[in-house]
1. In the set LEU197, LEU132, LEU206, LEU123, which member is farther than 30 Å from ARG505 by Cβ and free of Cβ contacts under 8 Å to residues at least 12 places away in the same chain?
2. Could you please find all residues in segment 315-359 being open to solvent by less than 10 Å² (accessible area, probe 1.4 Å), assigned to a loop (DSSP other than H, G, I, E, B) and farther than 25 Å from LEU532 by Cβ?
3. Only one of (1) outside any helix (DSSP H, G or I); (2) open to solvent by less than 30 Å² (accessible area, probe 1.4 Å) fails for ARG37. Which number is that?
4. Since THR340 meets every condition but one in (1) more than 22 Å from the chain's Cα centre (by Cα); (2) at pLDDT 90 or above; (3) under 29 Å from SER107 (Cα atoms), which condition does it not meet?
5. Residue under question is THR170, and the condition is that it be under 30 Å from LYS403 (Cα atoms), surrounded by fewer than 20 Cβ atoms within 10 Å (Cβ to Cβ) and β-branched (Val, Ile, Thr); does it hold?
6. Residues being open to solvent by 10 Å² or more (accessible area, probe 1.4 Å) and either part of a helix (DSSP H, G or I) or on the phi < 0 side of the Ramachandran plot (or both): count how many of those fall in segment 364-375.
7. From the list LEU522, LEU532, exactly one residue is under 26 Å from the mean Cα position of the chain (by Cα) and either assigned to a helix (DSSP H, G or I) or more than 30 Å from GLU451 (Cα to Cα) (or both). Which is it?
8. In this structure, is SER60 under 24 Å from the mean Cα position of the chain (by Cα), over 26 Å from CYS260 (Cα atoms) and part of a helix (DSSP H, G or I)?
Amino acid sequence: MSDTWAGIFFLLTLVGALAAVHRPLGDYMARVLTGTRHLVIERGLYRAAGVNPQADQTWSRYLRSVLAFSLVAVLFLYAFLRIQHHLWPPYDVPQMTADQSFNTAASFVTNTNWQSYYGESALGYVVQMAGLAVQNFVSAAVGIAVAVALVRGFARHRTDRLGNFWVDLTRICLRILLPISIVFAIVFVASGMIQNLHDFQTVHTLSGGTQTVPGGPVASQEAIKELGTNGGGFFNANSAHPFENPTVWTNWLEIFLLLCIPFCLPRTFGRIIGDKRQGYALVAVMTTLALASVTLLFVFQGLHHGTVPTAIGGATEGTETRFGVYDSGTFAAATTLTSTGAVDSFHDSYTSLGGAMTMLNMMLGEVAPGGTGSGLYGMLILAVITVFVAGLMVGRTPAYLGKKIGGREVTFASLYLLTTPALVLVGTALAMASPTARASMWNTGAHGLSEVLYAYTSAGNNNGSAFAGIGVNTPWYNYSLGVVMLLGRFLPIIFALGLAGSLARQRPTPVSEGTLPTHRPLFVGMVTGVALILVALTYFPALALGPLAEGLT
């Protein structure tokens, strides 16, 4: 079998597996998030925290809970990183600087997992397990909780209550993320991924030499790294490292894990609102955008055009030989279409247009299928804007799922969509205007701009992957990217929950002959078009100066 057909087979089996779990996992999550019974361990946690699990919260109180929990998480992780050199490590680790600690804390709490450090040498195992791994669970759970709160806004009528954040957070962690992570951690260990607490060890190679290799509790963190669309690697090479991703089989499993919850959440949405057709419409938009992205990335990687591929005469530079160009391209598309940011190849070495596709995936707002939770509420925001535009075109009051889309709702949706582009473009402009930031650039011209644009796109969309080519472990980049990550995470959450509160207070609007059907192919095409048009109008000038200019050179 040729590499091309092997890559296509790899992709088709992945699509088949995602289709197989869409219904059972989506239905299971719906039961978890709508059930009224609490497990014994959950009741114990509620008593310990002083939480009344029967008390629903208004959207403003739900939001305050999200922000308070996240603020405490940032402060705790920052302090943890600052004192980690005093804790038990298997090897000597240096004290992390204040600016890098802030960047890392902001990164993991926002589900970004941007890393300006070498994981195997900069962090001890205590921080890796009790700090970063914990945030991998709870940051993913926060995203799902916000998405469910927005879904409840559509499902409920004449109320100001959206559920209880603490109950949602606990259930998502204990009933969804933790059980799946345990199962796949065992599978990863059985597949050759390491799981130990060993120090760096000297081993003898087959050629008679010696080599120093690291150890670590990798498999247990790899499962939630992908399942929670986190992406922060235990090793600096991330999923290109053979200890973190040893075979084509584990590569397939990692891609499956990072896609399964985002692709199943539309089914959960359909079950909660009582109309599964609406969930199928959203997953159709996600699938259309995702397959188009993977196809284009395959094509662009086959063109052998770009700074590095042109120099060496092929597009294999930066890819692992055990994965190849096409499996690596599938991973790159999946990790940038979601908020994962894990990598099994070097995006900076992709062709100019191939690298542009990874950026474009993030610029879509990571809605195809997006991160755990954030993909669903981002797609629902796009659906609201689409309904509003369609209503203006036919001269009718727009309505979506029985809720009128008026000025207040459009304001929340518009602010949501404008936040991330503003952060990305303003951050990139400031970096290019700053002599301090430019001094960290190792490349100039269009490619240098692409690397900076990629960094702020990744931070603003809470992705975490990097083009590299710039030294980001500096006060400028640590602080500026940290601020962009925090604003890019929590400002959209504020607007999403505000929209949820506004929708929940409405009376149901009866369906009439003039109501736009939102479960048919026409609506799927309209949402897809709105997503692409918004990206083109917002980012095209920046892309034209960066990867497109390089690709046309």
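1. Values: LEU197 fails: free of Cβ contacts under 8 Å to residues at least 12 places away in the same chain; LEU132 fails: free of Cβ contacts under 8 Å to residues at least 12 places away in the same chain; LEU123 fails: free of Cβ contacts under 8 Å to residues at least 12 places away in the same chain.
The conditions single out LEU206.
2. ALA315, ALA342, ASP344
3. Result: ARG37 fails condition (2) only.
4. Single failed check for THR340: (1).
5. Details: under 30 Å from LYS403 (Cα atoms): yes; surrounded by fewer than 20 Cβ atoms within 10 Å (Cβ to Cβ): no; β-branched (Val, Ile, Thr): yes.
For THR170, the condition - under 30 Å from LYS403 (Cα atoms), surrounded by fewer than 20 Cβ atoms within 10 Å (Cβ to Cβ) and β-branched (Val, Ile, Thr) - is not met.
6. Of all residues in segment 364-375, those open to solvent by 10 Å² or more (accessible area, probe 1.4 Å) come to 364-365, 374.
In the following step, the residues that additionally are either part of a helix (DSSP H, G or I) or on the phi < 0 side of the Ramachandran plot (or both) were identified as 364, 374.
Of the residues in segment 364-375, 2 are open to solvent by 10 Å² or more (accessible area, probe 1.4 Å) and either part of a helix (DSSP H, G or I) or on the phi < 0 side of the Ramachandran plot (or both).
7. Working: LEU522 fails: under 26 Å from the mean Cα position of the chain (by Cα).
Of the residues listed, the single one that is under 26 Å from the mean Cα position of the chain (by Cα) and either assigned to a helix (DSSP H, G or I) or more than 30 Å from GLU451 (Cα to Cα) (or both) is LEU532.
8. Details: under 24 Å from the mean Cα position of the chain (by Cα): no; over 26 Å from CYS260 (Cα atoms): yes; part of a helix (DSSP H, G or I): yes.
Against the criterion (under 24 Å from the mean Cα position of the chain (by Cα), over 26 Å from CYS260 (Cα atoms) and part of a helix (DSSP H, G or I)), SER60 does not qualify.
The values are calculated or read from the model by the stated rules, or taken from the named source; none is laboratory data. This is a predicted model, so every value here is computed, not measured. Here Cβ is always computed from backbone atoms with ideal geometry, including for glycine, and neighbour counts include all displayed protein chains. Accessible surface is based on the protein model in full, side chains and every heavy atom, while ligands, DNA and RNA are left aside. Shrake-Rupley method; radii C 1.70, N 1.55, O 1.52, S 1.80 Å.
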